[in-house]
Structures are given as structure tokens and as C-alpha cells.
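Student: Pasting a structure here, questions to come.
The values are calculated or read from the model by the stated rules, or taken from the named source; none is laboratory data. Bear in mind that the values here come from a model prediction, so they are computed numbers and not experimental data. Every residue, glycine as well, gets a Cβ built from its backbone with ideal geometry; the counts of neighbours run over all protein chains shown. Note: areas computed on protein heavy atoms with side chains; ligands, DNA, RNA excluded. Shrake-Rupley method; radii C 1.70, N 1.55, O 1.52, S 1.80 Å.
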Amino acid sequence: WKKMTDILLFWAAKGVDAFRCDMAEMVPYAFWSYATTEVKRQYQNVLFIGEVYNPSLYRTYIGAGFDYLYDKVGMYDTMRAVVCGGGPTSQITTAWQWVDGISSHMLYFLENHDEQRIASDFFAADARKGVAPMLCLALMRNNPLMVYAGQEYGERGMDTEGFSGRDGRTTIFDYWSLETLRNWNNGRRFDGGLLTDEQKSLRETYSKVLNIARMEPAITRGVFFDLMYKNQENRFFNNHNQYAFLRKYKNELVLVVANFSRSNQEVCVNIPAEAFDALGLKDNVAARQIDLMNGEETIAALTTAWPFKLHLPGGSGRIIKFIYDL
């Protein structure tokens with residue numbers, strides 16, 4: 001225990017600000033409690049991220065000093081099933097409910113070195129199919145989100161590397177480089193000039209979504225309200241292909257509706273009276289409405305009297321901010 005802790009302290013002294021601990025649940029939690037306490041005593045801002053795939057142990061390892069745990073068997077597996085047509089979007093609600101109470105400690109992701117790339121033939125075969133789930137993962141809760149290098153360019157992971165082979169994953173065992181990252185870095189002006197127009201468009205989408213997640217107070221500090229329960233029987237909303245929720249902070253409300261379908265959709269979202277009560281809003285009050293993805297502005301109101309109608313682009317979604325006068 002002391003030797004391993006000394007190794008952690010050695011790297012922390014060199015400026016390493018976080019440790020990703022492989023399959024942490026296979027090491028006694030008492031060790032992690034000992035090690036994390038000692039490291040954080042000397043370097044209080046160092047983070048510990050653990051692989052714990054047994055949900056019954058989540059709270060134990062958080063209590064042992066882990067700041068974040070991979071939400072793999074819950075949210076990742078659910079999102080992958082939804083993207084691949086193996087489950088309805090309503091199951092996303094079940095996934096976040098599993099970890100309600102410790103959600104701020106769960107690390108969301110759609111790609112990592114263990115999992116197959118979204119654009120690979122083994123997953124969705126199309127990087128754009130990752131946009132709708134990213135809208136949910138980036139904007140839904142207050143926990144961290146990991147974007148794996150090259151994901152934002154649609155890296156396919158379909159190379160035939162030596163140890164890894166053609167498996168849809170990005171090798172960590174070979175002396176290798178990724179085509180998308182090479183093309184991003186090797187533009188004549190180092191501006192991604194060798195990326196295709198489609199790859200540049202995907203990166204722009206990721207950039208917009210991640211900056212909304214980083215900058216909007218309703219996302220960074222706001223409360224969350226899931227709208228799926230009120231739209232289960234809504235014939236103008238497909239709870240197999242769409243997911244809707246609200247975020248709210250002070251006088252700003254953000255409505256997010258993700259469309260996992262590849263076709264454009266016209267949907268109507270029910271906003272229940274419970275949402276107005278829980279979020280401290282008045283029903284049917286005009287507000288300034290801003291589409292955070294394209295900047296379009298208008299005046300609109302949310303009400304329980306009729307659903308909120310909006311157009312959803314295929315494989316994407318809408319992020320609508322309402323600003324109310326205090």
C-alpha cells in the first residue's frame with residue numbers, strides 16, 4: 001500500500017492532476033481509501049477516476065475517495081442500445097435513475113479505448129449517430145463527460161493494427177496514429193485543412209454542444225427535469241426515438257429534445273404542471289426564446305394548455321433557451 005501510494009505521490013509531484021485507475025473494484029476499497037486520503041492531503045486538487053462496473057459497489061468506492069466512476073453498465077450500455085435500435089429512448093430515464101443521488105460522481109462517455117468507435121462497423125457505422133446521445137450526455141446532468149480523442153472528427157477505428165486488429169477500437173498497444181487526428185493536425189494552416197467537409201461539420205457540432213455544456217448556467221448549475229414520463233402516451237412524440245428534458249437556473253430555462261431517428265421529425269412536447277411547480281415557473285408566460293445551436297431568436301411561452309411544437313433535424317436535436325423577466 002505504501003509503495004503504490006509513493007508512486008502516486010511521485011507523479012502528483014510532477015504535476016499529474018488525475019489518475020485513471022483500471023478496474024479499481026478488483027483492488028480492496030480500503031487501499032483506495034488509504035491512498036486517496038494521503039495523495040489528497042498533499043495535493044488536494046488531484047482527481048481519481050475509477051473503473052467500477054458493479055453498481056452495488058459504486059457508493060463504496062466513492063466513499064473510498066474516488067471523485068468519478070465510469071458509468072458504463074448503466075448509461076453507456078443504454079445509449080449504445082438506443083443508438084443501435086436495441087431499446088427505446090425512455091430507457092435513458094431508467095439509466096440515470098439507477099445512480100440518482102450519486103449522479104455527480106458518474107463519468108459519461110460514448111467512446112473510450114475499451115469500446116468500439118461510434119463510426120465503426122461494429123457500432124453505428126456513422127459518426128453522426130453519436131450526436132443525439134451526446135446532446136443528452138453533455139446537457140442532462142452536472143457530472144463530467146469524456147470525449148475520446150478523434151471522436152469529434154468521426155474516427156472510425158477500422159485500421160488493422162498489430163496487436164489490436166480490425167475491431168473498431170483504437171489501439172493502445174501499437175505505435176500508431178489516427179487518420180482523423182493526422183488530418184486535423186497536418187492542415188497547411190494547422191486548421192484541420194485535410195479533414196473532409198463532413199468531419200469539419202461534425203467537429204463544429206461537438207464544439208457547439210460542449211461549449212453550451214461549459215458556458216450555460218442552466219447546464220452548469222441548473223436543476224434537471226425529465227419530461228419522458230409526461231410524453232409516454234403522446235402520439236405526437238416518439239418515446240422510442242426522442243428524448244426530452246429541462247434544465248433551469250434562476251430566470252433561464254433550457255429545453256433539450258434529442259432525435260435519435262435519422263429522419264427529420266415534427267414533434268409536440270408536453271410540459272406538465274409538475275415541471276412548472278418544481279422549477280418555480282409560471283405557466284404561459286412569454287419569454288425570450290433562443291435556439292442555442294443556430295442563434296435564432298423569437299418570443300414564445302411554455303404552458304400546460306398545449307404542447308410545445310418544434311422541428312427536429314434527423315440524428316440531432318434542438319437546444320432552446322427561454323429567458324424570463326424577473
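Student: Ordering R235, R59 by accessible area with a probe of 1.4 Å, largest first, what comes out? Can you show the working numbers first?
Tutor: Working: R235 200, R59 130 Å².
Ranking R235, R59 by accessible area, largest first, yields R235, R59.
Student: Using only the Cα atoms of the range 206-270, build the gyration tensor, take square roots of its eigenvalues as a ≥ b ≥ c, and label the shape rounded, prolate or oblate: rounded if a/c is under 1.5, else prolate if a/b is larger than b/c, else oblate. Walk me through the numbers before you get to the answer.
Tutor: Numbers: a/c = 2.93, a/b = 1.51, b/c = 1.94.
Cα axes put the range 206-270 in the oblate bin.
Student: Moving on to the next point. Quick one: what are the phi-derived ³J(HN,Hα) couplings along the range 9-14, Karplus 6.51/-1.76/1.60 with θ = phi - 60°, whole Hz, x for glycine and proline?
Tutor: Per residue, the Karplus-derived 3J(HN,Hα) values read 5, 4, 6, 4, 5, 8 Hz.
Student: If you don't mind, there's one more thing I want to ask. Could you work out the helix-only [θ] at 222 nm for the chain, with each DSSP H run of four or more residues adding -39,500 (n - 2.57) and the total divided by the number of residues, to the nearest 500 deg cm²/dmol?
Tutor: Details: 10 runs with 93 residues, N = 326.
Calculated mean residue ellipticity at 222 nm is -8000 deg cm²/dmol.
Student: At what distance in nm do the modelled label points of D114 and C84 sit from each other, each positioned 7 Å from its Cα along Cα→Cβ?
Tutor: 1.6
Student: Rg to Rh ratio, the chain, alpha-carbon atoms and Kirkwood radius?
Tutor: Details: Rg = 21.3 Å, Rh = 21.4 Å.
Radius of gyration relative to Kirkwood radius: 0.99.
Student: To make sure I understand the rule: partners must be lysines, Cα under 29 Å from the Cα of K208, and not fewer than 8 residues away in the same chain. Which ones qualify?
Tutor: K72, K129, K200, K230, K248, K250, K309, K321
Student: In whole Hz, with x marking every Gly and Pro, tabulate ³J(HN,Hα) for the range 286-296 from phi via Karplus 6.51 cos²θ - 1.76 cosθ + 1.60, θ = phi - 60°.
Tutor: Each residue of the range 286-296 in turn: 5, 9, 6, 10, 10, 7, 6, 8, 10, x, 5 Hz.
Student: Students sometimes get this wrong: rank R221, R288, R141 by accessible area, probe 1.4 Å, all chains present, largest first. Can you show the working numbers first?
Tutor: Details: R221 150, R288 105, R141 35 Å².
Ranked list, largest accessible area first: R221, R288, R141.
Student: Let me ask something else. Per residue, what accessible area does the range 1-136 have, given a 1.4 Å probe and all protein chains present, in Å²? Don't skip to the end; give the middle numbers.
Tutor: Numbers: 6040 Å² over 136 residues.
Result: 44 Å² of accessible area for each residue.
Student: Working out 0.36 nm times the residue gap between D197 and L47, then minus their Cα-Cα distance, what length gain in nm do you get to one decimal?
Tutor: Values: separation 150, 0.36 × 150 = 54.00 nm, distance 3.71 nm.
Here the segment from D197 to L47 would lengthen by 50.3 nm.
Student: What do the square roots of 5 times the Cα gyration tensor eigenvalues come to for the range 32-105, in whole Å, largest first, as semi-axes of the equivalent ellipsoid? Before the final figure, lay out each step's value.
Tutor: Values: eigenvalues 178, 22, 18 Å².
Ellipsoid half-lengths, sorted descending, are 30, 11, 9 Å.
Student: I've got another one for you. Where the centroid of each part is defined by its Cα atoms, how far is the range 273-326 from the range 54-109 in Å?
Tutor: Comparing the Cα centres of the range 273-326 and the range 54-109, I get a distance of 28 Å.
Student: For E38, what accessible surface area do you get with a 1.4 Å probe? Give it in Å², rounded to 10.
Tutor: Surface open to solvent at E38 totals about 50 Å².
Student: Determine the dipole magnitude for the chain: charges of +1 sit on the beta-carbon of Lys and Arg, -1 on that of Asp and Glu, nothing else is charged, the reference point is the Cα centre, and the result goes in debye to the nearest 20. Intermediate values should be presented prior to the final figure.
Tutor: Details: 35 positive and 38 negative charges, 101 e Å.
Result for the chain is approximately 480 debye, rounded to the nearest 20.
Student: Quick check on the range 145-185: take the gyration tensor over C-alpha atoms, sort the square-rooted eigenvalues as a ≥ b ≥ c, and tell me if it's rounded (a/c under 1.5), prolate or oblate. Walk me through the intermediate numbers first.
Tutor: Details: a/c = 1.87, a/b = 1.48, b/c = 1.27.
It is prolate, given that a/c is not under 1.5 and a/b is the larger ratio.
Student: Just want the answer: with Cβ charges of +1 for Lys and Arg and -1 for Asp and Glu, which residue in M79, Q44, Y29 is farthest toward the dipole's positive end in the range 1-91?
Tutor: It is Q44.
Student: Mind checking the range 257-326 for GluC sites (Glu not before Pro) that DSSP puts in a loop (not H, G, I, E or B) and that have at most 12 other Cβ atoms within 10 Å?
Tutor: Working: sites: E266, E274, E296, E297; in loops: E296.
Qualifying residues, ordered by number: E296.
Student: Measure of size requested: the Rg and Dmax of the range 109-243, with Cα atoms as the atom set and Å as the unit; please supply both.
Tutor: Answer for the range 109-243, Rg first and Dmax second: 17.2, 54 Å.
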